[in-house]
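After the structure tokens below, expect a handful of questions from me.
The values are calculated or read from the model by the stated rules, or taken from the named source; none is laboratory data. Values in this document were obtained by computation on a predicted structure and should not be read as measured data. We work out accessible area using only protein heavy atoms, side chains counted, and drop any ligands, DNA or RNA first. Shrake-Rupley method; radii C 1.70, N 1.55, O 1.52, S 1.80 Å.
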Amino acid sequence: GLGFNIVGGTDQQYNANDNSIYVSWIKKDGAAYLDGRLQEGDKILAINGKDLKDLRHKDAVELFRNAGCYVSLKIQRRLQPQNGPVGHGGDGESGGLPLAAILVPGLALAVTAVWILLRYRQRM
């Protein structure tokens, strides 16, 4: 198979008032996983040019089963929830300096200070 499961359809709505088909799970080491472009939560708009709008779940599954060796999907990426101030990209970064940018120079400075102190004591 293609290595992923779908949910949704006119008879099994995944989201209220939405008949769309969504990726619910991607099989590790399956075709979709190895390709890397499809993500869980993506809305699948079409497969091999065939629109998936207003299909029953089983009809959508049948289209996927009969897709053939070369499959083209038209998807809509799910929106990532935004945490933080307006304009934040939602990429998981805090927007400030990474912790390593502060700790590494600080640690280097501390090691240098200890080394100087030890060398100074040896000379006394």
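Roll a 1.4 Å probe over the protein chains and send me the accessible area per residue for the stretch 4-76 in Å².
Heavy-atom SASA per residue in the stretch 4-76 reads 66 Å².
List the residues, sorted by chain then number, that are 5 or more residues from W25 or on another chain and whose placed amide H is less than 5 Å from its amide H.
N5
Additional query: Would you tell me the accessible area of Y14, worked out with a 1.4 angstrom probe on the heavy atoms of the protein chains, in Å² to the nearest 10?
About 120 Å², rounded to the nearest 10.
So, one more: Quick check on the stretch 20-80: take the gyration tensor over C-alpha atoms, sort the square-rooted eigenvalues as a ≥ b ≥ c, and tell me if it's rounded (a/c under 1.5), prolate or oblate.
Judged from the Cα gyration tensor, the stretch 20-80 comes out oblate (a/c at least 1.5, b/c at or above a/b).
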